[in-house]
Amino acid sequence: MRTTRPIIIVSPTKKKPAGAPAPLKESFLVKALAEREALKIEFPRVEGFVWQVRSRIVADVDAIPVLTIEPGKEPTETISVARVGYHTAFSLNAPGEALLTTRAAFYAENRVQRVEYLLASRVTDALLAHERFKFHARQLLFPQTLGIVRDYLARRVVYNGSDPRELGLEKYVQLVVERLADAIRPADEAGNSLLLPRIERFRPRGSTEEVLFRTTRPVRATVKSHISHVVLDTATWEASTAFHLETSPLVAAYARTDHMGFAIPYTYAGAGHNFFPDFLARLANGATLVLEVKGYEDEQDRAKYAAAARWCEAVSNWGQMGRWVFDHCAGPGSVKAVLARHAA
């Protein structure tokens, strides 16, 4: 018997034309302008710090950032129920006994005095691990450190109604140790000390002259800056800040630090980071202002600001690049007040 195979007819289909390519975003060349050489701003590349004297230790406790205890983020009581069968949501009516866990055992084990001694011991360990304290003896450092710890806890910690023993939690221990270890410095018998920067050997200086990049972000042309444009990360903040710097008679020159390589190292939560402030401004009085404009401020921001203030102090003490100051404001509207504060 003869069989026939089915014939399949494939009709050509019209291929849909490919969509038109998305238009390319306009890019802008941001660069240092040779004709504005007089507006160049230089900065040192700092890789560490050294001290001139090593006999005792001091700390300006009032200058150390405030630490805020946040009871809303660290619950002091939890209820646990055994998982039996299938549950779609937590319920206290589940089979089995509910277990209430509180801080009672933690508080009983960590009295306030024990927390103070723990913090002083950890701060002392951090100091001894640093080169600037390598000639100190632990038995001489610890009593002085304990006094500084107690002073800080009494005057610079906002407890928000929490038990002071909350400071024994590792989250807060790390923050206290980092801040005090950064703030404590060797001093002579009169309490004097001089912080100096350790400058990078092969790249001792950077400047606005090195800026050259393209961006698709919005930009604003400049007049009082060595750099051709200010890049706008937000709709108004960078433009408003640049406007105040451009029009203020207290400012001789300024620059946005984008792609400039200006970074301030700092430590937070046990890890090293770099802080990139928003602007540098050379004031009419010869000082250089490191300026950060940011609305919300958290614990990490306070660590950045403390590191920037220490950086400026060291560079100013060095004396080879003039006086440097750091400040931050909650918005562009505060820029005028910041400039006036540092113009005197």
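Side notes on the structure shown:
- From the list 339, 289, the lone residue that is surrounded by 20 or more Cβ atoms within 10 Å (Cβ to Cβ), at pLDDT 95 or above and farther than 26 Å from residue 213 by Cβ is 339.
- Answer from 210, 238 - the residue that is surrounded by fewer than 16 Cβ atoms within 10 Å (Cβ to Cβ) and over 30 Å from residue 144 (Cα atoms): 210
- Qualifying residue in segment 146-154 (condition: part of a helix (DSSP H, G or I), among the aliphatic types (A, V, I, L, M), in contact with a Ser or Thr (Cβ under 7 Å, 6 or more places away or on another chain) and buried (at least 20 other Cβ atoms within 10 Å of the Cβ)): no
- A Cβ distance below 6 Å, combined with a sequence gap of six or more or placement on separate chains, defines the contacts here; from segment 315-344, residues that are under 24 Å from residue 197 (Cβ atoms) reach residues that are loosely packed, with under 13 Cβ neighbours inside 10 Å in the pairs 322/286.
- Flag if residue 213 is free of Cβ contacts under 8 Å to residues at least 40 places away in the same chain and not basic (Lys, Arg): no
- Residues in segment 125-140 that are assigned to a helix (DSSP H, G or I) and more than 15 Å from residue 174 (Cβ to Cβ): 127, 128, 131, 132, 133, 138, 139, 140.
Yes or no, residue by residue, for (1) closer than 21 Å to residue 176 by Cβ; (2) among the β-branched types (Val, Ile, Thr):
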| residue | (1), (2) |
| --- | --- |
| 281 | no, no |
| 298 | yes, no |
| 301 | yes, no |
| 308 | yes, no |
| 325 | no, yes |
| 336 | no, no |
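- Leading residue by the ranking (surrounded by the fewest Cβ atoms within 10 Å (Cβ to Cβ)) among those in segment 241-279 that are in contact (Cβ under 8 Å) with a residue 40 or more places away in the chain and among the polar types (S, T, N, Q): 267
- Test: residue in segment 278-295 that is assigned to a helix (DSSP H, G or I) and among the hydroxyl-bearing types (Ser, Thr, Tyr): no
- Given (1) at pLDDT 70 or above; (2) of a type in the set (Gly, Ala, Ser); (3) over 30 Å from residue 131 (Cα atoms); (4) surrounded by 10 or more Cβ atoms within 10 Å (Cβ to Cβ), number of the condition residue 82 does not satisfy: (1)
- When the criteria are applied in full, residue 229 fails the requirement of being surrounded by fewer than 18 Cβ atoms within 10 Å (Cβ to Cβ) and not assigned by TED's automatic domain parsing to the domain that holds residue 118.
- Of all residues making up segment 296-328, the number that are surrounded by fewer than 18 Cβ atoms within 10 Å (Cβ to Cβ) and assigned to a strand (DSSP E or B): 0
The values are calculated or read from the model by the stated rules, or taken from the named source; none is laboratory data. Fair warning: this is a prediction, and the values are worked out from it, not measured in the lab. Backbone-built Cβ (ideal geometry, glycine too); neighbour counts: all protein chains shown.
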